[in-house]
Amino acid sequence: MSGGHMARKTGERGRRWYFWIWVITSIFILVALLAGLGYTELSHADNRGVFKTAKLALGIQGSLNGAVMENYPGKRPAKNLEISVDGKNIEPVKSGFFAVRNLPTGIHTVIIKGKGYEKVVKKIAVDKGINEESFSLSLTPVEAANRWMQTKKENKYEDTYSYLHPDEKARIEKTRYVQYKSKLQKQYNVLLKDFIVHTPRFVDTWKHPGTGNVYKDIAIMKVDGVITANHIAPIKKSWNVYAQNVKGQWMFLSAN
């Protein structure tokens, strides 16, 4: 057999060998893509889903552990939240915590909603392995006002003070404020028996009646309350409360 003939035979075997390697590799990749390795949160309308699944097929994935907390006076455990990652609802593992496994690396969108809270939308970069992220909840103006009024109803003056705007705290120190409120309560037995906070209206500017300072982006809420005092039948009274968003939380102006 001539050398040229042997070379042609060897070349043909090499081409067949590379062809079957290509076929087998293509089948493996296709199966891996279809399997998705457990991550099913892909939107069929999103072309990026193909790339996400490909990352999983290559083992490029991570997990996200989320801690959800209030950043507000008298912090409470965050309950009854609706949490979603890339549009898929996630069940919290316990109050204020959630975990998502088998996420492809890259950017993911976390949305958190709940009664009394402002909606949270946050983009999270997930790397390979375990990723930990905290989410701060802001109260709605009405929820903040309800909590503030509740401290008044329960005569918890230290808590009432903690809801005040920083400018109000600068005007009157905590000890003096608590002593003043306690003295009034003991002397006149003034009690807030019940209250309702109404839907807020928002104004671009508002002038403080006590200081003359002008504040921007103020939420004004009407409160209907029932008040009792010594030797006086319950009185129905309405008044307004004023709040400004300070670092993501609604704090109250006018230290009443």
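The values are calculated or read from the model by the stated rules, or taken from the named source; none is laboratory data. Here the structure is a predicted model, which is why all the values come from computation and not from measurement. With ideal geometry, Cβ positions are generated from the backbone for all residues, glycine too; neighbour counts draw on all protein chains shown.
Spot the failing condition for Thr175; the list is (1) of a type outside the set (A, V, I, L, M, F, W, C); (2) assigned by TED's automatic domain parsing to the domain that holds Val246; (3) crowded, with 17+ Cβ neighbours inside 10 Å, and only one is missed. It is condition (3) that Thr175 fails.
Do we find that Glu143 is outside any loop (DSSP other than H, G, I, E, B) and surrounded by 17 or more Cβ atoms within 10 Å (Cβ to Cβ) in this structure? Taking the combined requirement at face value, the residue satisfies it. Filtering the stretch 55-111 down to residues that are touching a helix residue (DSSP H, G or I) at 6+ places or on another chain (Cβ under 6 Å) and among the hydrophobic types (A, V, I, L, M, F, W, C), which residue is nearest to Ser138 (Cα to Cα)? Only one residue tops the list, namely Leu56.
Within the stretch 183-202, the set of residues being within 17 Å of Ala144 (Cβ to Cβ) and of a type in the set (A, V, I, L, M, F, W, C) comprises Leu192, Phe195, Ile196, Val197, Phe202.
Evaluate the following for Val190: is it aliphatic (A, V, I, L, M), surrounded by 13 or more Cβ atoms within 10 Å (Cβ to Cβ) and more than 21 Å from Asp224 (Cα to Cα)?
Numbers: aliphatic (A, V, I, L, M): yes; surrounded by 13 or more Cβ atoms within 10 Å (Cβ to Cβ): yes; more than 21 Å from Asp224 (Cα to Cα): no.
Criteria not met by Val190.
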